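A short write-up of the structure that comes next.
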Amino acid sequence: DFAMMMESADAGVWDWEIGNDYNAFNQHWCDLLGLRLDEVESHTRFWISRVHEEDAIRLSKVISTHLATEDSVLNVDYRMRHAQGHWVWVNTCGRVVAHDHAGRPLRLTCVVRDISKRKRAELREQKQVQLLNFMNRAQSVFLHEKNIRHSCELIFDELLLLAESQFGFIGQVVVRETGEKALFIHALSNISWSAETSEQYRAYQRGEFFFNNLDNLFGHVITSGRVVMANQPKHHHASRGTPGGHPPLRRFLGLPIKIGDETVGMIGLANKQDDYTDEDAQFLHPLLDTLGALFYALDVEKSRLNAEQKLRYLAETDVLTKLPNRRAFIQRVHGFYSQSSNFTIAIIDIDYFKAINDQYGHQVGDEVLQEVAFRLSSYLRSDDLVARMGGEEFGVCLYDNPGAPTLDALRKAIAAEPMRTSEGGIKVTVSIGAGLVRPSGSAECWETDLRHADLALYRAKKEGRNRVMWHLPSAVTPLK
């Protein structure tokens, strides 16, 4: 009879009397799940409660569709929880074997087999393809944009799915000016669990979020440089609890990102439904290598940009006064011509500077140049331009300003107090030649305008120094 068939079958057998919801299983079915026959209940809710929650809805739909149509064999793969707590992949294959007088299904009989080994191999291969794909996308985005944060955000949701984790983050180690390490967060799950964490998440969205305290479970990944796997986090020696409003931390996996032997970042994953395993850590190792390479490439890019900035600074900066040099002045003055309002070009010359050098020496002369440069920078606005043109001459451009009051006040400010030098205070005055420019949108006439200011300066020195002279189309007007 059917009972004998169930017992003799070399596979799990499930027989369901649909009308009265009576389920019968043979010993092989029980063995699949590590159960004894006397532990098995006959109602459907018993066995369906052992189905993985991610598979339960799909399985129910497949069975319902089969019962409604019966146009094919029921064939479905899903996971069931073993008595020892792990998941077993099973394949259920069968069909309706009895109907009532109206043709409605009365009985469903299926063979159930353990396909865990095959399924794990299939899933591993699928995951490896997914992992490779999003690693390639991350590299491509970084090469195109040089934006490590965008690269991390691009792969983050897929990473959580592959790792079967509820939330997590990707962070990069930074060293503060104090020498202490912190973790800058490139990608993060929405942690808006409380008012405090909501503000932290907003800081992350602004690109301003750091984990500053590394004396905790995830920080142990950085400080130890090793994988941290805590399937019972509260019992881990590095655990310090969770912040207020944080959901329960059931499981944690921390993976160090390294360049050589140096830990430069980490991936943190939390709340996988099952325990994290060494296999999980090993599977994600290629991603760690990829992120390590991207972090290294980012450091190289930053170093290159810093080197370029330093070279540009050296090329455009006067070493003595730290002001822009003549080259930088000529480059930047072009920007003034693109403005719609008038501006002033002026040349400032230190009066009798050769006599200062002759009397006190070049060291004191340098100190005077530095003090004049400081007073010019302090007096003028941040959007004005001041540069050392060479020798004892300085160039100035003033935005949207009639010029005369500012330049004359500047002249008086320099003359008001002696320059502080290693030889004591030295009285210094300056002569200024200036021209008012009405921009036409083209900077082609900058040389002419600069020459007009220089001619006005020559007139100021000729007429007694310590004064401002303006170049006008028909005359040069002194201001004393």
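The values are calculated or read from the model by the stated rules, or taken from the named source; none is laboratory data. Bear in mind the structure is a predicted one, so any value in this text is a computation, not a measurement. Methodologically, a virtual Cβ is constructed for each residue, glycine included, from the backbone with ideal geometry; neighbour enumeration extends over all protein chains shown. For the accessible areas, the whole protein counts, side chains as well, though only heavy atoms, and no ligand, DNA or RNA atoms are used. Shrake-Rupley method; radii C 1.70, N 1.55, O 1.52, S 1.80 Å.
Observations, loosely collected:
- Its convex hull of Cα atoms gives the chain a direction-averaged projected area, equal to a quarter of the hull surface, of 37.5 nm².
- For the range 106-115, the Karplus equation 6.51 cos²θ - 1.76 cosθ + 1.60, evaluated at θ = phi - 60°, returns couplings of 10, 8, 10, 10, 9, 9, 10, 10, 7, 10 Hz by residue, with Gly and Pro reported as x.
- Taking only the C-alpha atoms of the range 238-341, Rg followed by Dmax gives 24.9, 69 Å.
- Distances between every pair of Cα atoms in the range 191-269, grouped in 5 Å steps from 0 to the bin holding the largest one, split as 3, 15, 21, 24, 21, 13, 4, 1 percent.
- Under 5 Å between amide hydrogens, built in the peptide plane, is the criterion, and for Ile18 it picks out Arg107, Leu108 among residues at least 5 positions away or on other chains.
- Furthest towards positive pole of dipole, Gly425, Ile18, Asn91, structure part the chain, Cβ charges: Gly425
- Backbone HN-Hα couplings from phi across the range 123-128 [Karplus 6.51/-1.76/1.60, Hz, Gly and Pro as x]: 5, 4, 5, 4, 5, 5
- Measuring nothing but protein heavy atoms, the accessible surface of the chain at 1.4 Å probe radius is 51 percent carbon and sulfur.
- The slack in the chain from His82 to Gln130, taken as 0.36 nm per residue of separation less the alpha-carbon distance, amounts to 14.5 nm.
- Here the relative contact order of the chain, from alpha carbon pairs under 8 Å that lie six or more residues apart, stands at 8 percent.
- For His236 and Arg50, the difference between the fully extended length at 0.36 nm per residue and the C-alpha to C-alpha distance is 64.0 nm.
- Label-to-label distance, Asn216 versus Ser198, with points set 7 angstrom from Cα along the beta-carbon direction: 2.0 nm.
- Net charge of the neighbourhood of Asp215, taken over other residues with C-beta under 13 Å away and scored Lys/Arg +1, Asp/Glu -1, is +1.
- Rounded to 10°, Cα long-axis angle of helix 195-205 versus longest principal axis of the chain: 70
- The chain: calculated mean residue ellipticity at 222 nm from DSSP helix runs of at least 4, using -39500 (n - 2.57): -13500 deg cm²/dmol
- Based on protein heavy atoms only, the chain ends up with 53 Å² per residue of surface accessible to a 1.4 Å probe.
- Cβ-derived FRET efficiency at R0 60 Å, Arg137 paired with Lys427, nearest 0.05: 0.30
- Helix 404-416 axis, angle to the chain major axis (alpha carbon atoms, nearest 10°): 80
- From most to least packed by mean Cβ count within 10 Å, the peptides 430-436, 458-464 give 430-436, 458-464.
- Net charge dipole, the chain: roughly 1860 debye, given to the nearest 20, about the Cα centre with Cβ charges of +1 for Lys and Arg and -1 for Asp and Glu.
- Kirkwood Rh, Cα atoms: Rg over Rh of the range 1-119: 0.94
- Formal net charge of residues neighbouring Arg149 (Cβ-Cβ distance under 15 Å; K, R +1; D, E -1): -2
- Difference of contour (0.36 nm per residue) and Cα-Cα distance, Asp21 to Ser338: 105.7 nm
- Among residues other than Val97 with Cβ under 10 Å from its Cβ, the summed charge is +1 (Lys and Arg +1, Asp and Glu -1).
- Inter-part distance, the range 328-401 to the range 124-185, computed on C-alpha centroids, equals 49 Å.
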